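First the structure, in the form of structure tokens, and then the observations on it.
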Amino acid sequence: MAAFTFSLCFLLSFAFLFVLVHPSSSSSSSPYLYPSTFSMNYNKMLTSFKIFIYPTTQRITFYSPSASNFYDSLLNSAFITQEPEEAHLFFVVFSPEVSTRSQARLVRELRTKYPYWNRTLGADHFFISPEGIDFSSDRNALELKKNSVQISVFPTVSGKFIPHKDISLPPVSKSSLVLSHAAVNMDRSFLGYLKWDGKTEAELVEELRLDSEFVVETEPLDQLGRVKTSKFCLFFYEAESTADLTEAMAAGCVPVVIVDLPVQDFPLMDVLRWSEMALLIGNRRGGQGLKAVLGGVPEDRYERMRELCVAAAHHMVWNAEPQAYDAFHMVIYQLWMRRHTIRYTRREEF
């Protein structure tokens with residue numbers, strides 16, 4: 001397996017691990033959308049789920065850390081089968097740099113050489129495209145876009161992600177922070193923390209800089225300390241900003257995504273209760289509007305959001321060797337949830 005370019009580990013107590021692996025049946029205390037069936041379905045996935053990878057002579061390289069981690073882990077996993085008739089899903093492999101025309105050509109070859117694409121018009125197939133693919137007038141490329149499951153990075157450009165079908169990958173942190181389970185009664189000195197790239201939404205950031213209840217840093221010396229002493233961690237809706245999403249959650253810093261549109265591509269969207277773990281606030285509100293929203297969150301609601309974030313963070317972690325319930329297995333779990341597809345009547349090959 002290719003070497004990973006990150007270092008991230010969690011120091012979790014036995015009790016904390018028990019809660020994660022055996023989620024409570026009470027939906028109010030669980031980060032899962034369906035807590036009563038999660039563990040049962042996860043175990044079924046481990047024992048029965050099979051994926052067939054179409055052969056390729058290309059050497060595939062994904063420059064996105066999360067896409068690379070998932071791809072490498074999948075190739076070395078027990079989910080792969082060499083018998084296509086055993087497979088629940090089929091993995092269409094192509095370089096993220098290929099053109100739409102090349103994608104269409106590949107689909108045309110698959111439907112000619114194998115019987116599997118035509119059974120569902122690609123609905124039981126998936127592919128990795130870190131940036132997402134766009135719509136096309138070519139029938140083959142269009143079926144790939146509309147029917148097959150796309151796995152892309154978070155966030156994905158608007159229009160290139162189809163909710164309830166596509167999957168986004170949890171981000172891989174660029175930091176080397178070692179995080180532990182945040183204490184429930186930890187003192188939160190600041191209302192909000194923002195690690196800024198020095199470019200995005202400068203006007204809003206300047207407003208926050210002038211407010212003593214917010215901490216804005218471009219080159220933090222003690223990012224973990226700032227995160228742990230802030231109630232909310234602010235993120236702009238872009239890959240560079242959201243890279244530290246997992247660390248924030250694990251440290252009990254409730255994520256706030258600054259975006260003017262609905263977010264439908266959160267990682268593990270089919271598994272986690274994002275509506276109860278994160279806030280979405282429009283940039284147009286400005287600094288004072290943002291502060292008013294955060295300051296207006298009732299303390300009991302905030303504590304519940306914080307606890308759900310801490311419980312869910314375990315599922316957002318990428319490991320060099322995949323571990324139970326980590327990011328790799330949760331992405332596989334989302335694929336497993338998409339294994340039931342409509343078998344279309346075979347059509348004439350295009």
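Return the total of residues in the stretch 227-249 being among the aromatic types (F, W, Y) and either touching a residue at least 60 places away in the same chain (Cβ under 8 Å) or over 23 Å from G286 (Cα atoms) (or both).
Within the stretch 227-249, residues that are among the aromatic types (F, W, Y) and either touching a residue at least 60 places away in the same chain (Cβ under 8 Å) or over 23 Å from G286 (Cα atoms) (or both) number 2.
Restricting the search to the stretch 76-105, which residues are touching a residue at least 60 places away in the same chain (Cβ under 8 Å) and open to solvent by 20 Å² or more (accessible area, probe 1.4 Å)?
Across the stretch 76-105, the qualifying residues are N76, S77, H88.
Quick check on this structure: which one of E299, E321 is of a type in the set (D, E, K, R) and closer than 30 Å to D187 by Cβ?
That would be E299, the only listed residue that is of a type in the set (D, E, K, R) and closer than 30 Å to D187 by Cβ.
Considering only residues of the stretch 273-299 that are of a type in the set (D, E, K, R) and under 30 Å from L210 (Cβ atoms), which is surrounded by the most Cβ atoms within 10 Å (Cβ to Cβ)?
Applying the filter and picking the extreme gives K291.
Every residue, every condition in (1) closer than 29 Å to S137 by Cα; (2) small (G, A, S); (3) part of a helix (DSSP H, G or I), yes or no:
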residue	(1), (2), (3)
Y63	yes, no, no
S66	no, yes, yes
S73	no, yes, yes
V93	yes, no, no
E97	yes, no, no
S102	yes, yes, yes
E109	yes, no, yes
W117	yes, no, yes
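Residue check, A324 against (1) open to solvent by 20 Å² or more (accessible area, probe 1.4 Å); (2) of a type outside the set (D, E); (3) farther than 30 Å from F127 by Cα, all met but one. Which one?
Failed condition: (3).
In the stretch 191-202, what residues are touching a residue at least 60 places away in the same chain (Cβ under 8 Å) and farther than 21 Å from K231 by Cα?
E201
Per-residue answers, yes or no, for (1) over 24 Å from E276 (Cα atoms); (2) in a loop (DSSP other than H, G, I, E, B):
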{"position": "L191", "(1), (2)": "no, no"}
{"position": "L204", "(1), (2)": "yes, no"}
{"position": "E219", "(1), (2)": "yes, yes"}
{"position": "L224", "(1), (2)": "no, no"}
{"position": "C233", "(1), (2)": "no, no"}
{"position": "G252", "(1), (2)": "no, yes"}
{"position": "L261", "(1), (2)": "no, yes"}
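Residues in the stretch 195-212 that are surrounded by fewer than 16 Cβ atoms within 10 Å (Cβ to Cβ), in contact with a helix residue (DSSP H, G or I) (Cβ under 7 Å, 6 or more places away or on another chain) and more than 18 Å from A243 (Cα to Cα): how many?
0
Which number in (1) farther than 20 Å from S173 by Cβ; (2) of a type in the set (S, T, N, Q); (3) within 24 Å of the chain's Cα centre (by Cα) marks the one condition that S212 misses?
Result: S212 fails condition (3) only.
Quick check, is F126 in contact (Cβ under 8 Å) with a residue 12 or more places away in the chain, part of a loop (DSSP other than H, G, I, E, B) and of a type in the set (F, W, Y)?
It is false that F126 is in contact (Cβ under 8 Å) with a residue 12 or more places away in the chain, part of a loop (DSSP other than H, G, I, E, B) and of a type in the set (F, W, Y).
How about the stretch 122-143: which of its residues are among the hydrophobic types (A, V, I, L, M, F, W, C) and surrounded by fewer than 18 Cβ atoms within 10 Å (Cβ to Cβ)?
F135, L142
When the residues of the stretch 235-265 are filtered to those that are of a type in the set (A, V, I, L, M, F, W, C) and farther than 17 Å from C309 by Cα, which remaining residue is most open to solvent (accessible area, probe 1.4 Å)?
L261
If R108 satisfies all but one of (1) basic (K, R); (2) at pLDDT 95 or above; (3) buried (at least 21 other Cβ atoms within 10 Å of the Cβ), what's the number of the condition it fails?
R108 satisfies every listed condition except (3).
Looking at K146 and the list (1) open to solvent by 50 Å² or more (accessible area, probe 1.4 Å); (2) modelled with pLDDT of 85 or more; (3) more than 30 Å from S102 (Cα to Cα), which single condition is not satisfied?
It is condition (3) that K146 fails.
Can you find a residue in the stretch 337-348 that is under 24 Å from S64 (Cα atoms), assigned to a loop (DSSP other than H, G, I, E, B) and among the hydrophobic types (A, V, I, L, M, F, W, C)?
Scanning the stretch 337-348, I find no residue that is under 24 Å from S64 (Cα atoms), assigned to a loop (DSSP other than H, G, I, E, B) and among the hydrophobic types (A, V, I, L, M, F, W, C), so the answer is no.
Of all residues in the stretch 209-226, count the ones that are in contact (Cβ under 8 Å) with a residue 24 or more places away in the chain and β-branched (V, I, T).
1
So if I check each of D260, D265, D270, which one is at pLDDT below 95, within 14 Å of the chain's Cα centre (by Cα) and charged (D, E, K, R)?
Exactly one of D260, D265, D270 is at pLDDT below 95, within 14 Å of the chain's Cα centre (by Cα) and charged (D, E, K, R), namely D270.
Just for the stretch 28-66: of the residues that are within 24 Å of V107 (Cβ to Cβ) and among the hydroxyl-bearing types (S, T, Y), which one is surrounded by the most Cβ atoms within 10 Å (Cβ to Cβ)?
My answer is S64.
The values are calculated or read from the model by the stated rules, or taken from the named source; none is laboratory data. Everything numeric in this text was worked out from a predicted model, so none of it was measured. Note that we place each Cβ from the backbone using ideal geometry, even for glycine, and neighbour counts take in every protein chain shown. These area figures cover heavy atoms from the full protein model, side chains too; ligands, DNA and RNA do not enter into them. Shrake-Rupley method; radii C 1.70, N 1.55, O 1.52, S 1.80 Å.
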